[in-house]
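Visitor: Quick one: the structure is below, and I'll ask about it shortly.
Derivation of every value follows stated rules applied to the coordinates shown; laboratory data play no part. In this text the structure is predicted, and so the values were computed from the model without any measurement. Ideal geometry is used to build each Cβ from the backbone, glycine not excepted, and the neighbour counts take in all protein chains shown.
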Amino acid sequence: MTHRLDPLLRPRSVAVVGASARHDSLGEWSLKNLLRGGYTGDIYPINPGYKELQGVRCYAGFDGVPATPELAIFGVGDRNIEAALDSALAVGIRAAVIMSPLVLDDDGAPNLKERLQKKIRDAGILVCGANGMGFYNVRDHVWACGFDSCDHQAPGNVALISHSGSGMSGLIDCDERLRINVAVSTGNELGVTMDEYLDFVLDLPETNAVGLFIETARNPQGLTAALEKAVRRKIPIVALKVGRTDEAARLTVSHSGSMAGDDAVYDALFDKFGVQRVRDMDELATTLILFAELQPVGAGGLVSLHDSGGERQLMVDLADEAGVPLTVLNDETVAEIENILDPELPAVNPLDAWSRGSPNAAEQMTRSLTAMLRDPGAALAAVVHDRAPDGKVYPAYLSYMQRAHAESGKPVVLVAARQGTGSDKAVVTSTHSGLPVLDGVPLFLRGARALFAYRDFLSRDSGDAISVDAAVAAQWCQRLGDGGQLGEVDSLRLLADFGMTTVKAIAAADEEELLSAAVDVGMPLILKTASPEVVHKSDQGGVVPGIGTEQHLREAYRDLASRLGPEVVIAPMADDGIEMLLGARSDPQFGPVVLIACGGIHAEVLQDVVFALPPFSAQHARRCVDRLQLRAMLDGVRGKPAADVDAFCEAAARFSAIVDALRHVVLEVDVNPVIVHEHGCTAVDALVVAT
């Protein structure tokens, strides 16, 4: 199968510009890596100072090369890169690898990076870099990297695409258990962006899993499309996203906007496409090994086998902390294990199967592990033991893993209770045979959680997003086209026009209008300032609830008018219920992101917020609600009735459809609170900010 990136990643010929005999230089390693990787095409080292390098004829320049190379790898510094690129473009190269940072101390305007990027775009060539470490296409024997590396056997089963060069080499060169097939250091992506590499590796038959080290998405639409492709191919993506900034939230107006910073959008993006997010390089490597080497896990939870009562108890604590479900063994399994164990050991999961250390201990371990794996509730087993001296692994551990796996057909992992080594031949062989050997229980558990989460993602019912009236959408798009900010009355009217249930709010600009409006609204009512300069009304004493008499209304109005101005809004008091919040902010890269949270101070103080990309279904809204820390409040506490969660989820789905329909004209939306009653829910206050 051909791909647009073939001239870059699978070139038929390669020029190494600046090839050199200088020890440990870019020019030396760029040529050496091509040879070490077993490249089978034509190689043209270019440097006028040499006749031959590493046994390959060297050329003074592109003029003397017998055929135009498809790819040029530039092993030169920033002082020489522009002239070298000009020479390559003059002969019609189709792709390039630029590793230098493109920074000159005495540079002018436009600077070197800007000049090269224009030339690259004008020529329409494919470029990896600059300011990166190149790439390794192990499967096709193209090692286009100017730095040292260990050996890599083709083919592998993991692709790694990293904005960080060290992030790439730190994974592919430090652990033989991770079988790399393609690894790319994308650098600052002058020509090819991360999503294009992702699209390429998703087409490779060997790709079992893909790791992404992400700094930012330079082509958000392309990344979204590639993630959609990964879902269709059922290839898991593991992402380490760095830079949890709040820059995008600094200039926002609403509560929602202030909470939905840059990182929230990535959370929503990853959730939508089943991307498993990790926190550091260790988690990235461990999770990739699990996805790459294990078959997809089935239904159920984790069972674990130990040779220590204390470590068995520790597993209970750590699994709970990691959110990994431990299987409760059924009666048949318990009875079978009781017949295997020494009588003083409890037949429970996690299982300590070592007591007296009899000569039959290994057989006892094997039979116990097999019995647990055969339990209908077991999806994955972990054998958790300390390593042998020097970080090695006792052969018996591998033996009872192999037997239990063969007899149950379910995946098994050997986990060092602390740390070991990834260079032990037995460890590497076992991992590559589908029985991974990993280090550290917490790391393993976070990887196991990702396995279960991806399994559940593939099987979940996404449901259908709600459709909105196109004519209503067109009307409000026109209304919001001039920008600005809607007041509370108009914001609630917008929601109501799209079918959401809202309170009936009426604006008034003086006491006479207020009293007339109160007749329509009825008592009790709530009075709020409508001053356009007051965004967060409660923070400035701009809300007076529970007004039950005309006298109280007059007094409250006069107080508000004297402090915050004469413009006010009144509305009927909503029925009792639980306060929730719906909000949205438009991200400059990915568009709108919706947030769902408990209302009041909970969202901001506790950061108890879940994010989602619109539009989404009521089923997806339910999954978001179920992830809130304060979810139990909706089930009724201290004698209060349960709130109508289904109604709120329907409202959230409708809200997401509204936000999606108005994505080009709306910057922020805040619906706070949404009162969720025993039956139904009502939007009580709202703010819409146009672009």
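Visitor: How much mean residue ellipticity at 222 nm does the chain get from its helices, if each DSSP H run of length 4 or more adds -39500 (n - 2.57) and you divide by all residues, to the nearest 500 deg cm²/dmol?
Guide: -11500 deg cm²/dmol
Visitor: Applying 1/(1 + (r/R0)^6) with R0 = 30 Å to the Cβ-Cβ distance of D469 and E533, what FRET efficiency is obtained, to the nearest 0.05?
Guide: 0.35
Visitor: Using +1 on the beta carbon of Lys and Arg, -1 on that of Asp and Glu, and nothing else charged, what's the dipole of the chain about the Cα centre, debye to 20?
Guide: Once rounded to the nearest 20, the dipole reads 2140 debye.
Visitor: Also, I was wondering about something else. Under a straight-distance cross-link criterion of Cα-Cα below 30 Å, which lysines are reachable from K410, leaving out those fewer than 8 residues away in the same chain?
Guide: K229, K234, K272, K392, K425
Visitor: Sorting check: for 49-56, 65-72, which peptide has the highest mean count of neighbouring beta carbons within 10 Å, and how do the rest follow?
Guide: The peptides rank, most packed first, as 65-72, 49-56.
Visitor: Which whole-number percentage describes the relative contact order of segment 273-351, with Cα contacts under 8 Å and a sequence gap of 6 or more?
Guide: 33 percent
Visitor: Looking at the chain, what % of its DSSP beta bridges pair antiparallel, to the nearest 5?
Guide: Of all bridge pairs located within the chain, approximately 50 percent are antiparallel.
Visitor: Round to the nearest 10 and give me the degree value, 0 to 90, for the angle of helix 470-480's Cα axis relative to the longest principal axis of the chain.
Guide: 80 degrees
Visitor: For Cα pairs less than 8 Å apart in space and 6+ apart in sequence, what is the mean separation divided by the residue count of the chain, i.e. the relative contact order in percent?
Guide: Relative contact order here is 10 percent.
Visitor: Within 13 Å, Cβ to Cβ, of R367, how many net charges do the neighbouring residues add up to if Lys/Arg are +1 and Asp/Glu are -1?
Guide: -3
Visitor: Please report the relative contact order for segment 298-459, taking Cα pairs under 8 Å with a sequence separation of at least 6, and give it as a percent rounded to a whole number.
Guide: Rounded, it is 25 percent for segment 298-459.
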